[in-house]
Structure formats: C-alpha cells, structure tokens
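A quick write-up on the structure given underneath.
Bear in mind these aren't lab numbers, they're just calculated from the coordinates by the rules spelled out. Only a predicted model underlies this, so the values are computations on that prediction, with no experimental measurement involved. Here Cβ is always computed from backbone atoms with ideal geometry, including for glycine, and neighbour counts include all displayed protein chains.
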Amino acid sequence: MRKLAAPSRRDCNNLQYRETARPHYRGPAVFLWIQMKEILIDYLERKQQERFDLKAVIFDMDGVLYDSMPAHDQSWQQVMNEWALSHEPGEFYLHEGRVGKETINVVFQRNLQRDATDEEAKQIYARKTELFQHCNNGNTIPGAKEVLTLVQEKELTPVLVTGSGQPSLLERLDHHFPGVFTPGTMVTAFDVVNGKPDPEPFLRGLQKGGDLKPHQAIVIENAPLGIEAAVAAGIFTIAVNTGPLPNAILSDAGASIVFASMSELLDKLPPLLHLAGTITI
Ligand code: CA
C-alpha cells in the first residue's frame, strides 16, 4: 500500500475559470447569421426533418453549469503523480464523463501495459474523490445562470443530463439556479444503465423534457464523450469549450457549433433560436 499525502491547499492553486478558448468562428454578424443558418439546415437535411420544433434545451452539468473541471483535472493529475504514473496534458478533459475505472485503466495501460486491479482502482478513485472534494470551489460557469434564464424566457424547458450521482445534486442546483430544475427534468447516474458516450442519458433527457423527438431539443455540452452521446441520440449539439481542448476535438466529436464560453452562447443563442424557429426546408 502506498503512503498518500493529505491534500493541501497548495494543490488547488489557480483552479478558476478563464475564458481563454477562441471562438470557432469570428466575423461580421451577417456572416455569422448565414453560417448558423447553413448549420441548422444541414442538421434538418441529415435528420430528414422539415423544421425544428424546439421544446427543450438539455444541459450537461460539469463544465457547462459548474466550473468543476479544473478541480477534476487537478485531482486526477495529483493522484497519478502519487502513483508515479505519467499522464498527458489535457488527458483528463479528454476522458471527462468516462467511468473512473476506465480512465484509470487508460493510464495504467500506457504506463504498465495492464489494467488496474479492482483494489488499485478503488484506492486511486477514493483518493481522487478526496482531492476533488478538497479542491472543488463550487463556482458556477460565468453566463450559465443567464443562459438558463433566457431559455425559460423563451418558454423552453431546461433539462439536466449529468453522469453525476451525488444525492445532494438537486439541492445544490436549486441553490445556484433557483427553480430551474426539478427531479422530473433531471437525468442523473441513477436514471441510466449506460453512461455517456452511450446515447441513453440524452434519450432519457428527451423523455423527461416531455417525450420529445430529437429535433425538438438542443444539447449544450463541453466534453467530447458527452457530445458523442448527444449526437448519437440524434440531437442538435452545441459545444461550449470551457476547457483546454482544441475546438477541433469538439467538432470532430460531432458538435454542430463550438462556442468559446457560456457567455458567447448567451450572446448567440437568441439569433440561433430565432433561426431555428423560422427555418423550413
Ligand atoms: Ca461536462
């Protein structure tokens, strides 16, 4: 058994959100308008739908509503350092949403050419969880609250789809985003058999949004595996790049649009919703 150091405050330095990612595209408003229109039409053509009929916006939680990813990343990095296992820059952002044991096995395979034993995985994950609880600042992502308010003003239902299974989730959400989510509009780890990148969480999200079809919702995601899951569920998926990964990784995962932040989404969502409400093919 390895001797593990107690977490110190120093481990959590500089874990705050920064809007550093570049937008997927820049340019005059009219160009943006045309590009958005083309992207929406492309989705409708691929799905063989005449028009959108938006009823809900489905939100991922970590990295979309809460600024928790830097603490996850830092906790993974530290526990792997303690076990003398090398890791790569941005690796834990790439695996965001994966079951803990699978993430551990990726690192084990690269370092030791074998999977972790159940006992090793248990110890590493317990330590990672301890570090995360110590490091997580509980901050929300700038712009998230305003995006949720906008969605409600547009009479769309905000739905939450998260792989998290914390029992106190609703309490926490209700504290930061009062009156936005209810148990009836939340999909958590307790609601699904298969997590992201399987489409099941988002298919459950469509059900909870009111037995919706894919073209009746849009998804806001930040992670490649979450994007893959939403796209596999057939839903128009917008990425917000709140982490350090290149935009291309989120596009390649299937995101129709990549925004640099929730603040940029707040800015672009009104014209996007307007277009989605008027386009017919
Ligand atoms: Ca996420």
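Rounded to the nearest 5, what % of the DSSP beta bridges within the chain are antiparallel ones? List each step's numbers first, then the result.
Working: 1 of 19 bridges.
Percent antiparallel among DSSP bridges in the chain is about 5.
From the square roots a ≥ b ≥ c of the eigenvalues of the alpha-carbon gyration tensor of the stretch 129-281, which class results: rounded (a/c under 1.5), prolate (a/b over b/c), or oblate?
Numbers: a/c = 1.27, a/b = 1.24, b/c = 1.03.
Verdict is rounded for the stretch 129-281.
If the viscosity is 1.306 mPa s and the temperature 10 °C, what translational diffusion coefficient in µm²/s does Stokes-Einstein give for the stretch 69-135 when Rh comes from Kirkwood over Cα pairs?
Numbers: Rh = 11.7 Å.
Estimated via Stokes-Einstein, D reaches 136 µm²/s.
About the Cα centre of the stretch 69-135, what is the dipole size in debye to 20, counting +1 per Lys and Arg Cβ and -1 per Asp and Glu Cβ, all else neutral?
Charge dipole of the stretch 69-135: 40 debye, to the nearest 20.
Between Val159, Val99, Val219, which gets the highest mean-square fluctuation from a Gaussian network model of the chain, Cα cutoff 10 Å?
Highest fluctuation of the listed residues: Val99.
GluC sites (Glu not before Pro), restricted to the stretch 74-158: which are DSSP loop and have at most 11 other Cβ atoms within 10 Å?
Working: sites: Glu82, Glu91, Glu96, Glu102, Glu119, Glu120, Glu130, Glu146, Glu153, Glu155; in loops: Glu96, Glu155.
Hits after loop and neighbour filter: Glu155.
Toward the positive end of the charge dipole of the chain, about the Cα centre and with charges on Cβ (Lys, Arg +1; Asp, Glu -1), which of Pro183, Asn194, Pro246 goes farthest?
The listed residue farthest towards the positive side: Pro246.
Would you please give the residues with an amide H less than 5 Å from that of Val187, counting only those at least 5 places away or on a separate chain, with H modeled from the backbone geometry?
Leu160, Val161, Thr162
What's the extension gain from Lys213 to Asn81 if we count 0.36 nm per residue and subtract their Cα-Cα distance?
Working: separation 132, 0.36 × 132 = 47.52 nm, distance 4.51 nm.
Net length gain for the segment: 43.0 nm.
Distance between the C-alpha centers of the stretch 120-147 and the stretch 236-281? Whole Å please.
25 Å
In sequence order, what are the phi-derived ³J(HN,Hα) couplings for the stretch 260-266 according to the Karplus relation 6.51 cos²θ - 1.76 cosθ + 1.60 with θ = phi - 60°, rounded to whole Hz, with x for glycine and proline?
Each residue's phi maps through the Karplus curve to give 6, 6, 5, 5, 5, 4, 4 Hz.
Taking θ as phi - 60°, what are the ³J(HN,Hα) couplings along the stretch 214-224 by the Karplus curve (6.51, -1.76, 1.60), each to the nearest whole Hz, with x for Gly and Pro?
x, 7, 9, 9, 10, 10, 10, 9, 10, 10, x
Per DSSP helix of 4 or more residues, -39500 (n - 2.57); summed, then divided by the residues of the chain. What does that give at 222 nm, rounded to the nearest 500?
Result for the chain: -14000 deg cm²/dmol, rounded to the nearest 500.
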